[in-house]
1. Name the residue farthest towards the positive end of the dipole of the chain from the options T134, L115, W36, assuming +1 on Cβ of Lys and Arg, -1 on Cβ of Asp and Glu, about the Cα centre.
2. What is the packing order of peptides 25-32, 106-113, 134-141, 13-20, taking the mean over residues of other C-beta atoms within 10 Å and listing the highest first?
3. Just to be sure I understand: with springs between alpha-carbon atoms less than 10 Å apart, which residue in L117, L50, L130 has the highest mean-square fluctuation in the Gaussian network model of the chain?
4. Could you work out the relative contact order of the chain? I mean the mean sequence separation of Cα pairs under 8 Å and 6+ apart, divided by the number of residues, in percent.
5. So which residue, out of S89, S105, S129, gets the largest mean-square fluctuation from a GNM of the chain using Cα contacts under 10 Å as springs?
6. Ignoring ligands, DNA and RNA, what percent of the 1.4 Å accessible area of the chain is carbon and sulfur?
7. Mind telling me which of I63, I150, I133 comes out most flexible in a GNM of the chain, alpha-carbon contacts under 10 Å?
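The values are calculated or read from the model by the stated rules, or taken from the named source; none is laboratory data. These numbers come from a predicted model, not from an experiment. Every residue, glycine among them, receives a Cβ derived from its backbone with ideal geometry; neighbour counts consider all protein chains shown. Surface areas here come from the heavy atoms of the whole protein model, side chains and all, with no ligands, DNA or RNA. Shrake-Rupley method; radii C 1.70, N 1.55, O 1.52, S 1.80 Å.
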Amino acid sequence: MPLDGKPGDEVWYFAFGANLNDDVFRTRRNMQPLEWRVGQVVGYRLRFNLEGRPKGRAAPANIAPQPGDEVWGVLYRLTRRDMLRLNASEGVPGWRYYPALVQASDRDGHKMNALTLIADGQAQDGNPSLRYITLLRDGARQHGLPPRWIDKLDQVVAAE
């Protein structure tokens, strides 16, 4: 399991959803990364295929394998202790994220193994709430993600 190891060991975590946003990651979740970098994972695509709250009116972010696609986000260097705490705080009844190991690279092309959180989603994508997609858009801007990724987030249609 990717979370095995000593509590003080350091790992890279790839955030692609609400944890892009400092208000969520640093304030609400009280995470204090040792370092952060803009990063990407190739061979995956961003999805909104999870049942959020209220049911049918929100769809949290997820990623799924997709050859030729990419997902941009933030790479945070954390201790395993913090990664376990983060993992325990994710998800809602009915679905839960699980840690998965992915090959990531930072903006400068340095490759690294990173943990990310993925859930078994529905076959069809839904629409995220306006509040949720705004967290992603603001977080992408806070961290200087590539303009084409910010444009992609800006084009996501929010739930009514």
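1. T134
2. So the order, starting with the most tightly packed, is 13-20, 134-141, 25-32, 106-113.
3. It is L130.
4. 31 percent
5. Looking only at S89, S105, S129, the largest GNM fluctuation is found for S89.
6. Working: 4050 of 8160 Å².
Carbon and sulfur: 50 percent of the exposed surface of the chain.
7. Of I63, I150, I133, the most mobile in the Gaussian network model is I150.
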